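I have placed the structure first, in the form of structure tokens, so that the comments after it can refer back to it.
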Amino acid sequence: MAQIKTNFLGQDFVFNTGQKLFSPNQIDPGSLLLLETVSKTNLSRSVMDLGCGWGAMGIILAKLFPKINVMLLDNDPLAILFAKENIALNKIANVQVFKADVIRTNPDKKFDFIITNPPWAKSTSVIPALINFAHQHLKTGGKFYMVINETFKTDGVVKNIFGNVSMPSFRSPYKILLATKH
């Protein structure tokens, strides 16, 4: 187990992580770029961190925006365990954690924002399912933010599913994709 202490926009955070999880020794640069981008928007009511891992992005947003409700969603039981532990460590009340699979699970809740740093290094085949899952679980007018490696041609997949895509942020090798549900 590792422990990460960090400060984001003047707020201190502490996270426990496991070596079998993605980026166990730091908040990865792609997630930080996504957090920087999303934290400049007017987040409202409900946010899903899709594929939350050990929970850094959702927990940080929940603390920065205490009036929103955040759902951390992941398929990995170990990630869920650490996400729950990190919510308690950071004393965050406006976060819930759920285990779900984007192919088999269909929660009936809709969200205003969905953010994700997908597991693209493991398998690119899950990315279209993840984007489709996000589209199904956004409210009309809801925003989908995704960080992805600049070499991935994910822009076309997002545009095919959402009908639109833009790139509000870029810091090589990462790009942030944004789509709105119409």
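The values are calculated or read from the model by the stated rules, or taken from the named source; none is laboratory data. The structure presented is a predicted model; accordingly, all values stated were derived computationally and were not measured. No Cβ is skipped: glycine too gets one built from the backbone with ideal geometry, and neighbour counts run over all protein chains shown. Accessible surface is based on the protein model in full, side chains and every heavy atom, while ligands, DNA and RNA are left aside. Shrake-Rupley method; radii C 1.70, N 1.55, O 1.52, S 1.80 Å.
Apolar share of the accessible surface for region 26-101: 56 percent from carbon plus sulfur atoms, 1.4 Å probe.
When a/c is below 1.5 the answer is rounded, else prolate if a/b is larger than b/c, else oblate, so apply that to region 137-182 with a ≥ b ≥ c taken from the square roots of the Cα gyration tensor eigenvalues. Since a/c reaches 1.5 and a/b is larger than b/c, the shape of region 137-182 is classed as prolate. Would you mind computing Rg(Cα) / (2.2 N^0.38 Å) for region 100-182, counting N as its residues? Taking the Cα Rg and dividing by 2.2 N^0.38 Å, one obtains 1.02.
Where does the longest stretch of the chain lie that holds no trypsin sites (Lys or Arg not before Pro) found in a DSSP loop with 13 or fewer other Cβ atoms within 10 Å?
123-152
Anything over 23 Å Cα to Cα? Flag those among 20/181; 40/67; 91/143, in the order listed. Check vs 23 Å cut-off fails for 20/181; 91/143. For the pair region 2-79 / region 82-113, the C-alpha centres are spaced 11 Å from each other. Counting only residues 5 or more places away or on other chains, whose amide H sits under 5 Å from the amide H of residue 169 once H atoms are built in the peptide plane? For residue 169, the qualifying residues are 176.
Average accessible surface for region 63-182: 51 Å² per residue, computed with a 1.4 Å probe over protein heavy atoms with every protein chain in place. Computed 3J(HN,Hα) for region 45-57, one whole-Hz value per residue from the Karplus formula 6.51 cos²θ - 1.76 cosθ + 1.60 where θ = phi - 60°, is 5, 10, 10, 10, 9, 8, x, 5, x, 7, x, 4, 4, glycine and proline marked x. Computed over the chain, the per-residue total of -39500 (n - 2.57) for DSSP H runs of n ≥ 4 gives a 222 nm mean residue ellipticity of -8500 deg cm²/dmol, rounded to 500.
State whether region 8-63 is rounded, prolate or oblate according to the following rule on the C-alpha gyration tensor (a ≥ b ≥ c being the square roots of its eigenvalues): a/c under 1.5 gives rounded; otherwise a/b larger than b/c gives prolate, and the remaining case gives oblate. Prolate is the answer for region 8-63, as a/c is 1.5 or above and a/b outweighs b/c.
Once you've got the Cα coordinates, tell me which of 63/84; 99/139; 63/109 are over 26 Å apart.
Numbers: 63/84 15 Å; 99/139 21 Å; 63/109 22 Å.
Exceeds cut-off: none, every pair is within range.
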